[in-house]
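Working notes for the structure below.
Nothing in this text is a laboratory measurement; each read-out follows from the coordinates by a stated rule. The structure presented is a predicted model; accordingly, all values stated were derived computationally and were not measured. Please note: Cβ atoms are built from the backbone with ideal geometry, for glycine as well, and neighbour counts cover all protein chains shown.
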Amino acid sequence: MATFVGSPCWARLRSIGEITLAHPPMLRHSSPLRLRSIAVPLPRRCFAVAASTASDVPVRVRFAPSPTGNLHVGGARTALFNYLFARSKGGKFVLRIEDTDLERSTKESEEAVLQDLSWLGLDWDEGPGIGGDYGPYRQSERNSLYKEHTQRLLESGHVYRCFCSNEELEKMKEIAKLKQLPPVYTGRWATATEEEVQEELAKGTPFTYRFRVPKEGSLKISDLIRGEVSWNLDTLGDFVIMRSNGQPVYNFCVTVDDATMAISHVIRAEEHLPNTLRQALIYKALGFPMPYFAHVSLILAPDRSKLSKRHGATSVGQFKEMGYLPQAMVNYLALLGWGDGTENEFFTLEQLVEKFTIERVNKSGAIFDSTKLRWMNGQHLRAIPSEALTGLIGQHWKSTCTLKESDGPFVEEAVQLLKDGIDLIPDSDKALTNLLAYPLHATLTSSEGKVVVEDKLPEVSASLIAAYDSGELIGALEEGHAGWQKWVKGFGKSLKRKGKTLFMPLRVLLTGKLHGPDMGDSVLLLYKAGKYDVVAPEAGFVTLDERFNMLKQINWESFNQDQTLLESTATLSN
């Protein structure tokens, strides 16, 4: 509901006692939009424009990006909320391109926005590439419609020609500033005679079309997210709807487009809230029914400032390039200002459609947490069926020249072993190369490694080398997990070791590391990597043969002396 209170100027232009909402005849749509008559009790000089109730009209929402750059995560969330609202209500999701900024709008940006929306899975019912009964869907192709409605407003007296020069307008602003008044237009041409207007037209003086704003009264709207919002009309002043070059102004385009496209709910960013006053005045003047408005809060950076490029990646395209999954982006964006009232944070797009309500959208700003987004991506990554996940990561390993092939037993087992440590697809590179590497010397010379060395590691190393040289260890690895487990049990008995005292030295000697995924699975993978020759040379793989050759070359006595020397040097330097 939008209500205008106390505006005698408006009363002269249009007398209203009871308002019946219906589409003007120029609206183009495939089926009539049936709106219930709403009787509004009006006090003296009170004029109202009401949005139809949700049950009266088919839900039609729109996302209207400007193709002047990449799709920001804030815009993506607005698109998502519109999409979820439409799908949850069985309505239509319309995509409209607002390309009236001819200098900054580019075809490349438009295509990038469309690709990002498609990647997120937000398919539109009407718009570029699809068409529909309410087109065209680019503002640059709708100029004849804007001119038609400008002429209507001129004939009804809601709009007048303004011949003020830029110098005159600047002078008005300066005078208002000196008087500590709002910088509004003073109405120089609002009361001009027909003769004065015709004289300027005859001279060819450039002019704009200004909307005649009532000088008294106020406007109230009931925002679906923010509640009641009101403005005083005397803070506005007569505003331009058509520039002197024939280009329509944003607020005029948006109102005409939303009205002629039968948009029932306008769900948009909080920063558009001030535009509602101008747009409501235009709706009323043209006799269009008002849509419902819902203004979504801004997405904020951790420091609670508006999220911008200085905070890192902010566009959908950037997150896509970084390896984020579309389902994770959708899930996370939905939770920025919305929740289903439970502790659940994991939603598919289908589940979001089922649970989404505009009433649960929070009006306070939402903090964008890149750490939380990364965690959520990991959750969605591990929820992908095994075959599909193997395909994704296998293709990535091949494309980055880590592996020679993208599928096969080695790839399948490697993905299963490493997936718990992968939150983004590119993380898989580091996970695999860590497995294939053999940083033995760095580990042995570390403070944590020193403890392992002092637990008779040379003795374990000698027994392990003997098992390898005899073929006993390789035979066990050939038998798979069962063979490995049987060998480890026997090896531990021969050394009278078990638990950590057995597995820690074995891990260090075989993998070169103190920590990592399951040791048995790791060693089996290392064996298969060498046997099937699947690792690319660029990956820095150290085979089992190479590892044992390195172990054989270690002079443990000298190594211990070196450690003592290093410790003595460190003590002296301190």
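Once the Cα atoms are used to define both axes, helix 370-383 deviates from the longest principal axis of the chain by about 70 degrees. Counting every pair of alpha carbons in region 116-201, the share spaced more than 16 Å apart comes to 72 percent.
Within the chain, antiparallel bridges make up roughly 65 percent of the DSSP beta bridges whose residues both belong there. Checked against a 23 Å cut-off, the cross-linked pairs LYS489/LYS513; LYS179/LYS215; LYS147/LYS220; LYS486/LYS552; LYS450/LYS531 give Cα-Cα distances beyond that limit for LYS147/LYS220; LYS486/LYS552; LYS450/LYS531.
Would you please put 326-335, 339-348 in order of how densely packed they are, using the mean number of other Cβ atoms within 10 angstrom per residue and starting with the highest? Working shown, then result.
On the way: 326-335: 22.5, 339-348: 12.7.
The most tightly packed comes first, giving 326-335, 339-348.
Would you mind estimating how fast region 353-442 diffuses translationally, via Stokes-Einstein at 10 °C and 1.306 mPa s with the Kirkwood radius over Cα pairs, in µm²/s? Walk me through the numbers before you get to the answer.
On the way: Rh = 15.3 Å.
Value of D from the Cα-based Kirkwood radius: 104 µm²/s.
Phi-derived couplings, Karplus 6.51 cos²θ - 1.76 cosθ + 1.60 at θ = phi - 60°, listed residue by residue for region 219-230: 10, 10, 10, 10, 7, 5, 10, 9, x, 6, 10, 9 Hz, with x used for Gly and Pro.
Ratio of Rg to Rh for region 439-512: 0.98 [Cα atoms; Kirkwood radius as inverse mean 1/r over pairs].
A dipole drawn for the chain from +1 and -1 charges on Cβ atoms has a positive end, and of GLN553, SER105, ALA466 the residue lying farthest that way is SER105. Amide H contacts of MET242: TYR209, VAL249, each under 5 Å away and 5 or more positions distant or on a separate chain (H built 1.01 Å from N in the peptide plane; Pro and chain starts excluded). Peptides 246-254, 221-229, 475-483 ranked from most to least packed, by the mean per-residue count of other Cβ atoms within 10 Å: 246-254, 221-229, 475-483. Here's how it looks for LYS215: its modeled amide H is under 5 Å from those of CYS9, which are all 5 or more places away or on a different chain. Specify which labelled value, from [x] 26; [y] 39; [z] 9, agrees with percent of Cα pairs over 46 Å apart derived from the coordinates of the model shown. Computing percent of Cα pairs over 46 Å apart and matching it to [x] 26; [y] 39; [z] 9 gives [y].
Note on SER305/THR342: beta-carbon distance plugged into 1/(1 + (r/R0)^6) with R0 of 30 Å gives a FRET efficiency of 0.50.
Rounded to the nearest Hz, the phi-derived 3J(HN,Hα) couplings of region 319-336 under the Karplus curve 6.51 cos²θ - 1.76 cosθ + 1.60 (θ = phi - 60°) are 5, 4, 5, 6, x, 6, 8, x, 5, 6, 4, 4, 4, 5, 4, 4, 7, 7, where x marks glycine and proline. Ranking TRP119, ASN245, SER66 by Cα position along the charge dipole of the chain, where only Lys, Arg, Asp and Glu carry charges on their C-beta atoms, puts ASN245 farthest toward the positive end.
Dividing the summed helix terms, -39500 (n - 2.57) for each DSSP H run of n ≥ 4, by the number of residues in the chain produces a 222 nm estimate of -14000 deg cm²/dmol to the nearest 500. Computed from Cα positions, the angle between helix 500-511 and the longest principal axis of the chain comes to roughly 80 degrees.
When restricted to Cα atoms, region 208-360 yields an Rg and a Dmax of 19.1, 55 Å, respectively. Only the Cβ atoms of Lys and Arg (+1) and of Asp and Glu (-1) were treated as charged; on that basis the dipole of the chain about its Cα centre amounts to roughly 1800 debye. Computed from the C-beta positions of LYS430 and GLN247 and an R0 of 45 Å, the FRET efficiency is 0.30 to the nearest 0.05.
Could you please report the charge total around LYS528, scoring K, R as +1 and D, E as -1 over all other residues with beta-carbon less than 12 angstrom from its beta-carbon? It would help to have the intermediate numbers written out before the result.
Working: positive: LYS531; negative: GLU412, GLU413, GLU478, ASP521, ASP533.
Once all neighbours under 12 Å are counted, the net charge is -4.
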